[in-house]
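One structure below.
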């Protein structure tokens, strides 16, 4: 097993504009349109990958790269916008990893995946994680809406940025840690890895090394 199968990075890219976050919802519209189509393809790939893993025990490399690329793209947009507001650098339009962008997602492709686990991990085993993610990322439906802990912390940080000109560093580390939790669950539910997402908060800008304590938020 890979030592660090999933790496989620989010580095605070200062200086940040005090007011740009007020209009970022407009600037990300092109990304949202592209991501809508990418996630349609993502859903199709998910179904194909499920059967591929079930019969061969392997996630086809091209499909794996596409799925990771979509999650990576969405993380960059989320980091730029209202899941972190961690940078003012406009996200690149690419599925590939961009080494100098402050938000990165890397997932090591396993040679083999469990054939039996693929049938239950994305719904039965992941149910507790989905409940946690709903609290962290929020829930939106016709009956009720909850913005989630991440959105509340980002809004608090944005207000401080607007009036003080600085992003609170400790809060930022916590926000990245919460997003890291959500992304780990997304990777697991996407069938990309068999390791169950750890039930712990690893705060900080950089993924902690195996056995290394998480950075203090």
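Assorted remarks:
- Any hit, the stretch 13-22, residues being at pLDDT 95 or above and within 23 Å of residue 189 (Cα to Cα): no
- Residue satisfying all of: in the stretch 85-117; in contact with a strand residue (DSSP E or B) (Cβ under 9 Å, 6 or more places away or on another chain) and closer than 18 Å to residue 185 by Cα; surrounded by the most Cβ atoms within 10 Å (Cβ to Cβ) among these: 103
- Residue match in the stretch 114-132 (condition: part of a loop (DSSP other than H, G, I, E, B), free of Cβ contacts under 8 Å to residues at least 60 places away in the same chain and closer than 30 Å to residue 61 by Cβ): yes
- Pairs, first on the phi > 0 side of the Ramachandran plot in the stretch 46-61, second surrounded by 13 or more Cβ atoms within 10 Å (Cβ to Cβ) and modelled with pLDDT of 95 or more, C-beta under 8 Å, six or more apart: 57/113; 57/114; 57/115
- For residue 39, the conditions (1) out of contact with any helix residue (DSSP H, G or I) (no Cβ under 6 Å at 6 or more places or on another chain); (2) in a helix (DSSP H, G or I); (3) closer than 19 Å to residue 109 by Cα all hold with the exception of (3).
- Residue within the stretch 138-158 that is assigned to a helix (DSSP H, G or I), surrounded by 20 or more Cβ atoms within 10 Å (Cβ to Cβ) and out of contact with any helix residue (DSSP H, G or I) (no Cβ under 8 Å at 6 or more places or on another chain) present: no
- Taking the numbered list (1) in contact (Cβ under 8 Å) with a residue 40 or more places away in the chain; (2) over 29 Å from residue 49 (Cα atoms); (3) more than 19 Å from the chain's Cα centre (by Cα) in turn, residue 111 passes all entries but (2).
The values are calculated or read from the model by the stated rules, or taken from the named source; none is laboratory data. Treat the numbers as computed from the prediction; the structure is a model and nothing was measured. Glycine also receives a Cβ, built like all others from the backbone with ideal geometry; neighbour counts cover every protein chain displayed.
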